[in-house]
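Shown next, in structure tokens, is the structure this report addresses.
Taken together, the values in this text are just the output of simple stated rules run on the coordinates, not laboratory data. Note that this is a predicted model, so its numbers are computed, not measured. Here Cβ is always computed from backbone atoms with ideal geometry, including for glycine, and neighbour counts include all displayed protein chains.
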Amino acid sequence: MTSRARWAGVLRTPVGAAAAVLLGGVMLLAVLAPLLWGGRADEVDTAHILAPASAEHWAGTDNLGRDIFFRVLVATRTSVQLALLATALGVAVGLLLGTLPLLLGPRLGRLVTAAVNIAVAFPGLLLALSFAVIFGAGASGAVPAIGLAIAPAFARLTQTLAATVAGRDFVAAARIAGVGRVRVLLRHVLPNIAEPLLVNATMAAGGSLLAFAGLSFLGLGVQAPDFDWGRLLGEGLNGIYLNPAAALVPGVAVVLAGLAFNLVGEAAAKAVGPRTATATVRNRATDSAPPTPTPPAAAPVWLQQTGQQAAQADALLVVEDLKVSFGTVTPVRGVGFTLRRGEAVGIVGESGSGKSLTALAVAQLIEQPGRVEARRLEFGGDDLLRTPPRARRRLLGTSLAMVFQDPMTSFNPVQRVGRQLAEVAEQHLGHRRGPALARAVDRLRAVRIPGAARRARQFPHEFSGGMRQRAMIGMGLMGEPELIIADEPTTALDVTVQRQVLALLADVRAADDVAVLLISHDLGVVEQVCDRVLVMYAGRIVEDLPVERLRDGARHPYTRALLGAVPDLSTDRDQPLVVIPGRPADPAAPPPGCAFAPRCPLADDHCARVDPALIEDGSGGRVACWHADRPEPALYAATEGEGR
Amino acid sequence: MVRADRVDRVALCGRTKTGCRAGGQDLITEPDDVTEAMPVTSTTTSAPGFASVLGNPWARFAARRLGRLLVSVWVLVTGAFLMIHLIPGDPVRAALGNTAPVELVEARREALGLNDPLWQQYADYLRHLVGGDFGTSMLSGMPVSQVIGDRLPATAELAVLAFALAVLVSIPLGLAMAVLTRGGRRRPVELAFTSGSVLLAVVPEFLVAVGLVYVFSVELGWAPVAMRQGAASYVLPVLALAVGPASILARIVRVETLAVLQAEYIRTARAKRLPDRRVYLRHALPNALTATITVGGLLLGGMVAGTVLAENVFAWPGLGSTIVGSILAKDYPVVQGVVLVYGLGVLLVNLVVDVALALLDPRSTIRES
């Protein structure tokens, strides 16, 4: 989107359009009012001194009998003009101060930065008052006073923005290429920060309009016989009991004009700045619905995926026809599987296949506007769809542990690690503070954290990444977990630490017969930990097979393609890496047939039209493919592309 | 770099949320390398090890913060000193008027020490300040310290009350709004809150004051229109001063809480199946507050200066009316003294804000070391 298009986009939002109209009106008034009503505003009428508001004088008259309403209209020009002058001065000085560090180099630049930092700590009004002392009361003194008062804040903003841009690669490249500092500033830095600066200058104009009104109100700004809104307001306030309109009308004028500048600035900031993802996911229909899963009406039979060993007595987790939707998009489209006690199952798939959402849905952690539906969702024999919230909280709090991908961000940064673990025992086991903390230390020890007692008193940022992930597992062990759901637990860790964490998971599993649901995009990790693998594609399970069969017994073309894309020691390094051609299906518009068909070398018309069901093969596996087991024609002969 | 990150984040956050997030992210990951080497390898016994780990960053923080305060005070004092010398022409002549006899002006210049070399005036000024001597009013002949002593309590009361009100209203309000409107719930509430708070934030305190006077004093007659007499007279000035900052702060609290609610550690807290109340108050609020204080801290300092306008509306017998009268009357020693007091007040508030931040967010104490 070009910048012009974005600025035009500002006008299309209701707030932006209203603000622009308001600002246009103020500007028009500033130009026209003195021409049209200049005479009436200065017309002295000693017969009607200090008259209250009437049909003749809408806002009454002042101590010389002049009509206050017209004086307010005419004062628009002075008020806006002076505010814009002060803003221009402030922005100019601010830009100069803000870009000076770039021009002067690091040493002198640091001095300027420090000076600006100190100046910015003082409120603008205090600076303006101080400068007003130097420049004297009156409009010619107030303009530089306000201008210089807003300069530090603007300088600070310019510095920050310029510093972020100056750190980028293209600026560094320009520097290395020998481009001079001034040129780097003008050509590379300023154009990239112009938009936010412009937005802030607009808001600064609103600010200086209000500040100017303030100074004039105090008697330090515009002096008689000239007048602006602030001065009129100050005069009107003295007689507020006799004629409130004399104070209120100029006040309203100041607010409207200030609002016009600020709202235009805010609307522009919204249009110029990046949008948040949450703003685009809207769903009015589910707004008031609780995020608890509800059994769907009747799903078409071919959409349902049934739990394979549903009848088994040792089933810990039974999922049938699980769906997760965000508005009209359904990233998880009917997933079903069963987890036995102590079993480790991996879910693999590309990013966007719905594997993480499946895990979060099972853990009941999908937040609005997300919506979870399932025909069956049972954990440890309890129906999660029908358990009352309180009981469900207790059940999941003690028996289900979660390990998330990024240990850096999964701990509360301002709470000590021990507290964060102890909280679980306090909440669900009824422990008091002391015993809860003792258990936390014990659990940290159990996950092999050296110096557990000391570590428990530390904050998360004092832990290394691997240690945090182990502490996270320790947090899960505060209760008596029967299932650990680990969502990409090792992706953010380096290889050696990854091995430790996986070994720990395996130990925990072996020690207490805990089931593990491991979400990963790394087939190697899954092979190392799991008994069984669920392969997901476009929100469905496409294959379910024992891990021993993964390497040579995979039946779905997608599973085989995934395996083919994993480089190993025998991979010919002179050849480009193998990739799966095409793009993953768009979750907003899933195809009617098999989602993998567009990328599948075996696909035919039937595949594109009819979605294959996940069928049990009688030997502990399931596959959803019309052409399962058929060998691919010269499967994925090394495709050019940037492999992963 | 002199403690730039707080202001950095202010500037960035004022503009876009993502900039602020990205900045915060960097800060979170950064200390890992630093600390990984430090405490992990320490093999000291548990108790003194704990003390040294905790003690070091705090001592460093105190030293750094104190250094910055001293530099700021020095800049403030020097600025106040230079203020008079930057006035074009002769300040004494300007103060006494064109008709004043030359001898009087000369005598006054001599008394104020304005005929001494600049460095000596500066040295005298500093020496007097240390001794609590702020100079003498050119008009009334009263010591400036006495003027300040008479007027400061009224201003301080106003500022402290407004400060407390703004904080006490904005935090629960912002948190409640964030919880109510998270994830796109209750759009009408969100719209009402954001537009209402934008409007209140734009209206400057002196206009709020005028509006309040009109409604509550003129129309309803509930509150006295001006002066400081009895508890009722505090209501309108404090309200006028607190409304704007409170609404801005509430907005910041809401935005920061919404951002925090997206954080992964909140998902962790939910995964622990804590009750909602605990998730919001124990896990979300402290984190949202640190971000709020970083962004909104300067706002509270601004309230100190905001008293000037509010006092002038309500004829409040504080420093605010004094400074305006003195500027108009060109009574420069008084102006100098009052500016110093205001400046010190702002620095004090900023110090309190930084200490609060350090207490709330353990990372902030080591961030820059």
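Taking the Cα centre of the range A:476-582 as reference, the dipole from Cβ charges on Lys and Arg (+1) and Asp and Glu (-1) amounts to some 400 debye.
Scaled against the 2.2 N^0.38 Å expected of a compact globular protein of N residues, the Cα radius of gyration of the protein assembly as shown reads 1.12.
Annotation: amide H-H contacts under 5 Å for A:Arg66 (H modelled 1.01 Å from N, sequence separation of 5 or more, or interchain): A:Asp45. Computed from the C-alpha gyration tensor, the three semi-axes of the ellipsoid equivalent to the range B:176-239 are 33, 12, 10 Å, from longest to shortest.
Scaling against 2.2 N^0.38 Å puts the C-alpha radius of gyration of the range A:202-267 at 1.15.
Within the same chain, aspartates and glutamates fewer than 8 places from A:Lys270 are excluded, and of the rest, those with a Cα less than 15 Å from its Cα are A:Glu195. Once C-alpha pairs closer than 8 Å and six or more residues apart are averaged by separation and normalised to the residue number of the range B:129-195, the relative contact order reads 14 percent. Database remark: amide H of A:Val403 closer than 5 angstrom to the amide H of A:Ile485, A:Ala486, A:Asp487 (H placed geometrically; neighbours at sequence offset of 5 or more, or on other chains; Pro and chain starts carry no H). Across chain A, C-alpha contacts under 8 Å between residues 6 or more apart give a mean separation that, scaled by the residue count, equals a relative contact order of 10 percent. Binning at 5 angstrom from zero up to the longest distance, how are the C-alpha pair distances of the range A:398-534 distributed in percent? Calculated P(r), rounded to whole percents: 2, 11, 22, 24, 21, 12, 6, 2, 0. Counting every pair of alpha carbons in the range B:137-209, the share spaced more than 15 Å apart comes to 72 percent. The convex hull built on the alpha-carbon positions of the range A:34-135 has an orientation-averaged projected area of 9.7 nm². If you bin all the Cα-Cα distances of the range B:172-287 at 5 Å, starting from zero, the percentages per bin are 2, 11, 17, 16, 13, 12, 10, 8, 6, 3, 2, 0. Listed by Cβ neighbour count within 10 Å, with the fewest neighbours leading, A:Asp442, A:Asp629 appear as A:Asp629, A:Asp442. Restriction of the chymotrypsin sites (Phe, Trp or Tyr not before Pro) in the range A:228-266 to DSSP coil positions whose beta-carbon has at most 16 other beta-carbons within 10 angstrom yields A:Tyr241. Remark on A:Ala344: its backbone amide H falls under 5 Å from those of A:Val516, A:Asp531, A:Arg532, a criterion applied only to residues 5 or more positions apart or on other chains, H modelled at 1.01 Å from N.
Here's the list of aspartates and glutamates a cross-link from B:Lys330 could span, going by alpha-carbon distance under 14 Å and ignoring same-chain residues fewer than 8 apart: B:Asp90. How far is helix A:229-238 tilted off the main Cα axis of chain A, in degrees rounded to 10, range 0 to 90? Value to nearest ten degrees: 70.
Given a cut-off of under 8 Å on Cα pairs at least six residues apart, what relative contact order in percent is computed for the range A:585-633? About 30 percent, as a whole number. In this structure, A:Asp513 and A:Leu11 have a Cβ-Cβ separation that, at R0 = 60 Å, corresponds to a calculated FRET efficiency of about 0.40.
Each residue in A:Lys355, B:Lys272, A:Lys270 was given a count of other beta-carbon atoms within 10 angstrom of its own, and listing them fewest first yields A:Lys270, B:Lys272, A:Lys355. Any chance you could give the angle, 0 to 90 degrees and rounded to 10, that helix A:14-42 forms with the longest Cα principal axis of chain A? Here the helix axis deviates by roughly 0 degrees.
Quick one: helix A:433-446 against the long Cα principal axis of chain A, what's the angle to the nearest 10°, folded into 0 to 90? The two axes meet at around 60 degrees. With the simple model of a label 7 Å out from the Cα in the direction of the Cβ, A:Arg110 to A:Asp605 spans 7.5 nm.
Cβ-to-Cβ counts within 10 Å put A:Ser356, B:Ser247, A:Ser399 in ascending order as A:Ser399, A:Ser356, B:Ser247, the fewest first. Excluding same-chain neighbours fewer than eight residues apart, the aspartates and glutamates reachable from A:Lys355 by a Cα-Cα span under 12 Å are A:Asp487, A:Glu488. Across every pair of non-identical alpha carbons in the range A:384-450, the mean reciprocal distance, once inverted, gives a Kirkwood radius of 13.3 Å.
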